[in-house]
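Heads up, the thing below is written out as structure tokens.
The values are calculated or read from the model by the stated rules, or taken from the named source; none is laboratory data. This structure is a prediction, so every number in the text was calculated from the model and none was measured. We place every Cβ from the backbone using ideal geometry, glycine too, and count neighbours over all the protein chains shown.
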Amino acid sequence: MFKRVIPTILIHFFVLQFALGQYFPEKDWERKDPQSQKVNVEKLKRAVEFAETHEYSGDRDLRLAILKSFSREPDHKLLGPTKERGGPAGMIIKNGYIIAEWGDLSRVDMTFSVTKSYLSTTLGLALDQGLIESVQDNVGDYVWDGTFDGDHNSQITWEHLLQQTSDWSGALFGLYDWADRPSKEGSLDDWRYRKLNTPGSFFKYNDVRVNILSYSLLQVWRKPLPMLLKESIMDPIGASTTWRWYGYDNSWTVIDGVEMSSVSGGGHHGGGMFINTYDQARFGLLFCRGGVWNDKQLISESWVKKVRTPASAFESYGYMWWLNRGERQWEGAPDHLYYAAGFGGNYIVIDDREDLIIVTRWLEPTEIGELVKKVYSAL
């Protein structure tokens with residue numbers, strides 16, 4: 001017994017001792033001169049100028065930007081709130097300190113599919129608390145209301161949903177899986193009556209299936225996911241009270257006699273996470289530090305490592321975090337970094353080896369690799 005327990009205690013002790021030697025921001029985030037963190041000032045300045053001058057080319061009225069971008073989807077519609085966006089904004093954090101910043105960092109904006117990384121976190125918390133035993137478990141063992149009935153859907157595991165390889169088939173909140181980012185080939189009937197791929201064998205970025213994960217986690221937690229995230233993560237890391245996580249007008253369900261919103265994993269149909277840049281950076285710093293904040297392990301270090309498990313069908317994607325490997329790899333950036341990414345150029349880039357975080361909002365998405373390359377050239 002003691003042989004198993006004592007090493008675990010010692011490991012936890014050393015993790016916390018390491019964390020105590022690191023800087024964690026209080027309400028006011030401390031800034032440091034880049035040179036003090038061994039960063040080239042002129043090269044860093046050029047990276048910031050690049051971010052400022054390569055704004056996302058889509059409409060600032062995000063309602064229009066969404067409708068234009070997904071106009072080829074059958075019956076695409078807005079079901080959740082949207083918000084007109086601000087201009088380019090961002091932060092670069094080294095060793096916990098702000099060494100560069102631009103734009104309005106306090107402005108609350110939509111962050112689209114960066115929301116997926118917050119959603120993934122609520123599953124990690126469920127594993128930590130034993131509500132879910134393993135990501136290899138079939139989701140239908142936990143959600144028995146018909147959502148995972150049938151020969152195909154009954155095979156789907158939590159990992160399949162996390163890695164977007166489930167090919168879940170059906171409809172949720174009036175949205176059909178096949179209508180989300182349909183193939184450029186074929187007709188409406190081809191999309192509707194396609195042959196389903198064995199779960200785990202095919203990657204498809206699909207917000208209906210992401211929302212199935214959110215709905216399933218609501219069934220497991222039996223409390224609103226934004227409330228869980230606030231209590232377990234956002235409050236302890238000192239996030240503001242301005243962020244909001246929305247679902248759709250029709251994504252309400254009854255849990256234990258109480259009506260709750262099943263929040264969305266992005267802004268594809270509106271909704272998702274609305275948040276400021278500072279709070280995004282705090283969330284990134286938590287993961288950069290292995291789930292530790294000050295002297296508390298808020299989410300297990302094992303989960304922080306697991307989110308970087310590449311999908312066998314698509315090695316650029318982990319547990320709703322993107323990985324810098326495979327066909328999505330950025331040239332000139334290390335393959336160990338990982339990131340959250342959202343429509344319109346919203347990113348949280350994490351390099352735990354360098355203790356580096358890059359948060360950028362409203363950058364032209366095709367330019368993120370170049371921005372990251374410029375930042376690394378300054379290190």
Surrounded by fewer than 19 Cβ atoms within 10 Å (Cβ to Cβ) and either assigned to a loop (DSSP other than H, G, I, E, B) or modelled with pLDDT of 95 or more (or both) - does that describe any residue in segment 12-22? yes
Qualifying position, being touching a strand residue (DSSP E or B) at 6+ places or on another chain (Cβ under 8 Å), crowded, with 24+ Cβ neighbours inside 10 Å and not hydrophobic (A, V, I, L, M, F, W, C), among S264, S316: S264
Do you know which of the residues in segment 177-188 that are in contact (Cβ under 8 Å) with a residue 40 or more places away in the chain and not basic (K, R) is surrounded by the fewest Cβ atoms within 10 Å (Cβ to Cβ)? L188
State which residue is surrounded by the fewest Cβ atoms within 10 Å (Cβ to Cβ) when the search covers only segment 299-313 and only residues that are small (G, A, S) and part of a loop (DSSP other than H, G, I, E, B). S312
Would you check if P226 is of a type outside the set (A, V, I, L, M), within 13 Å of M260 (Cβ to Cβ) and surrounded by 15 or more Cβ atoms within 10 Å (Cβ to Cβ)? yes
Considering segment 331-356 alone, what residues qualify as being part of a loop (DSSP other than H, G, I, E, B) and closer than 12 Å to M110 by Cα? F343, G344, G345
So, A89, is that one farther than 30 Å from D249 by Cα and either among the small types (G, A, S) or modelled with pLDDT under 95 (or both) or not? no
Between a first residue in segment 48-74 that is aliphatic (A, V, I, L, M) and a second residue that is in a helix (DSSP H, G or I), which pairs have beta carbons less than 8 Å apart while being 6 or more apart in sequence or on different chains? A51/L371
Restricting attention to segment 270-298, which residues are assigned to a loop (DSSP other than H, G, I, E, B), among the charged types (D, E, K, R) and touching a Phe, Trp or Tyr at 6+ places or on another chain (Cβ under 6 Å)? none
Do we have T82 as of a type in the set (V, I, T) and either assigned to a loop (DSSP other than H, G, I, E, B) or modelled with pLDDT under 95 (or both) here? yes
Of the residues D235, D256, D249, which is acidic (D, E), closer than 22 Å to I357 by Cα and surrounded by fewer than 24 Cβ atoms within 10 Å (Cβ to Cβ)? D235
Cβ-Cβ distance below 7 Å, separation of 6 or more or different chains: which pairs start in segment 248-272 with a residue that is over 17 Å from M227 (Cα atoms) and end on one that is basic (K, R)? G266/K116; H269/K77
Could you tell me whether any residue of segment 202-220 is more than 23 Å from Y248 (Cβ to Cβ) and surrounded by fewer than 21 Cβ atoms within 10 Å (Cβ to Cβ)? yes
Residues satisfying the stated conditions in segment 97-145, i.e. over 26 Å from D279 (Cβ atoms) and not hydrophobic (A, V, I, L, M, F, W, C): G130, E133, S134, Q136, D137, N138, G140, D141, Y142, D145
Could you check how many residues of segment 319-330 are surrounded by 18 or more Cβ atoms within 10 Å (Cβ to Cβ) and either outside any strand (DSSP E or B) or at positive phi (or both)? 6
All conditions in (1) in contact (Cβ under 8 Å) with a residue 12 or more places away in the chain; (2) within 20 Å of S134 (Cα to Cα); (3) not acidic (D, E) are true of S302 except (1)
From T242, T253, residue being closer than 30 Å to E84 by Cα, assigned to a strand (DSSP E or B) and among the hydroxyl-bearing types (S, T, Y): T253
